[in-house]
Amino acid sequence: MRLTEADGKALLRRHAIAVPPGIVLAPGAPAPASIAAWPNLVVKAQVLEGGRGKRGLVRRAGMAELEEARSAIATLAGPVPVLVEAAVEIEQELYLALRVDGTAQTQEVLFAAAGGVEVESAPGLHRIPIRADAPDAAERIFQAIRGTLPPQLAARVARLAARLARIAQEEDLSLLEINPLAVVRGALVACDAKMVRDDVALGRHDAEVTAMSADIEQATLTPLERRARTQGFAMVEMPGDVALVSAGAGLGMFLMDLLADHNLRAACFMDNIQGGPMDSTEARLTAAFEIAARPEVKGILFYTTLASRPLGDRIEALLAFLARQPAPKPLFVGFAGAPSALRGFDLAAATERLRAAGVAGLHEDPLTLIRQAAEALA
């Protein structure tokens, strides 16, 4: 789950990380008189997307211009909450982030001595693998960044990064990004915060604390994405030309990469969610077929892996579904199973039955399957 900046900063504040004074105003809510003491304000739309500054969703204002700034933001983003903060005197903007490196299965510190809206194009991004519980984590970070900052500032950043690594682990964050991390009268202040919490861990945290983030995320779902949640899986719709049906984030991302390597784009991404049903294949196929009915989508790719459940049962379910609902576009099917899943399974017979049901391509190897799809859909 993505967190709004306001919810992310509240999390940082609970862990004693410095953030500017701020208050969240709901659409139409009056500003409290207490913020009149802040000479300059920063008004920020609370939306779950990046690039807000470039879109005009972050505005500086005095107290007299506050309502004008809120109105301008509402024109661009609709009636969304805003975070109103006291502007701080920034001496230097840094970039600092903690992310989970899924390949190395460890945490990674990202640091740049030049933060701000153009950090993506800034040179000198440091990538430092660490373990949050390692006693020398801060020292390793310091050694990596000491050449880019004065020694005292580098030491403070290293200590903060090590603390944030522990916070990210405790809070089940797959991403904790601060941009900019501002130097303000020698202190480090988180002037922005982007966070992503692992969906699997949501049950371990107080939902009320991040209710605004959850409400905004729910409001941004498409009807199909919202229906998928009610059916026990997560789905993201994207501009693409292949409706992708898979289970698990790792497999889905792998297939998306293979599609991209063959000049194809996935039109959707599916993942499991905690507490979902054991088998949501039919619901996933229904959603994919609805996406595939769109003119811009060329085909459907269904790939599954099984460790112990019989593959024959999955094939029978797919055949029954196709008998009721023929695929609106060419359908390519792949599956891989452990020996226990393949026991008693007649691959040749299943292949003939699937082809008779209109399956355009069939293969166990995902690369071969996607090559078939790319050739057929070219």
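Numbers at a glance
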{"read-out": "Nearby lysines by direct alpha-carbon distance to residue 329 (threshold 22 angstrom, same-chain neighbours under 8 apart not counted)", "value": "298"}
{"read-out": "Helical mean residue ellipticity (222 nm; -39500 (n - 2.57) per DSSP H run of 4+; nearest 500) of the chain", "value": "-11000 deg cm²/dmol"}
{"read-out": "DSSP-defined beta bridges in the chain - what % are antiparallel, rounded to 5", "value": "75 percent"}
{"read-out": "Ranked list, fewest to most other Cβ atoms within 10 Å of each Cβ, for 230, 368", "value": "230, 368"}
{"read-out": "Region 21-86 - charge dipole about Cα centre, Lys and Arg +1 at Cβ, Asp and Glu -1, debye rounded to 20", "value": "220 debye"}
{"read-out": "Proximal aspartates and glutamates relative to residue 194, as straight alpha-carbon distance under 13 Å, when same-chain residues fewer than 8 apart are discounted", "value": "5, 7, 49, 177"}
{"read-out": "When the convex hull of its Cα atoms is projected in every direction, mean area for region 21-86 (nm²)", "value": "4.0 nm²"}
{"read-out": "Helix 5-14 axis, angle to the chain major axis (alpha carbon atoms, nearest 10°)", "value": "60 degrees"}
{"read-out": "Mean Cα-pair separation over length for the chain, i.e. relative contact order, pairs under 8 Å, 6 or more apart, %", "value": "13 percent"}
{"read-out": "Extreme residue, positive dipole direction of the chain, given options 181, 63, 4 (C-beta unit charges)", "value": "63"}
{"read-out": "Neighbour-count ranking [beta-carbon atoms within 10 angstrom, fewest first] of 191, 268", "value": "191, 268"}
{"read-out": "Debye log10 I(q)/I(0) at q = 0.06, 0.07, 0.08, 0.15 Å⁻¹ for the chain, Cα point scatterers", "value": "-0.31, -0.42, -0.53, -1.26"}
{"read-out": "Neighbourhood net charge (13 Å Cβ-Cβ; Lys/Arg +1, Asp/Glu -1) for residue 57", "value": "+4"}
{"read-out": "Rounded to whole Å, sorted largest first: equivalent-ellipsoid semi-axes of region 222-377, Cα gyration tensor", "value": "21, 19, 15"}
{"read-out": "Share of pairwise Cα separations in region 92-202, more than 21 Å, in percent", "value": "30 percent"}
{"read-out": "Tilt relative to the chain, helix 66-77 - C-alpha long axis, 0 to 90 degrees, to 10", "value": "10 degrees"}
{"read-out": "Helix 151-170 axis, angle to the chain major axis (alpha carbon atoms, nearest 10°)", "value": "40 degrees"}
{"read-out": "Sequence of 235, 63 once ranked by neighbouring C-beta atoms within 10 Å, starting from the fewest", "value": "63, 235"}
{"read-out": "Tensor-based shape of region 153-289 (alpha-carbon gyration tensor, a/c under 1.5 rounded, otherwise prolate or oblate)", "value": "prolate"}
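All of the numbers you see were taken from the coordinates with simple rules; none came from a lab. Since this is a predicted model, take the numbers as computed values, not measurements. Please note: Cβ atoms are built from the backbone with ideal geometry, for glycine as well, and neighbour counts cover all protein chains shown.
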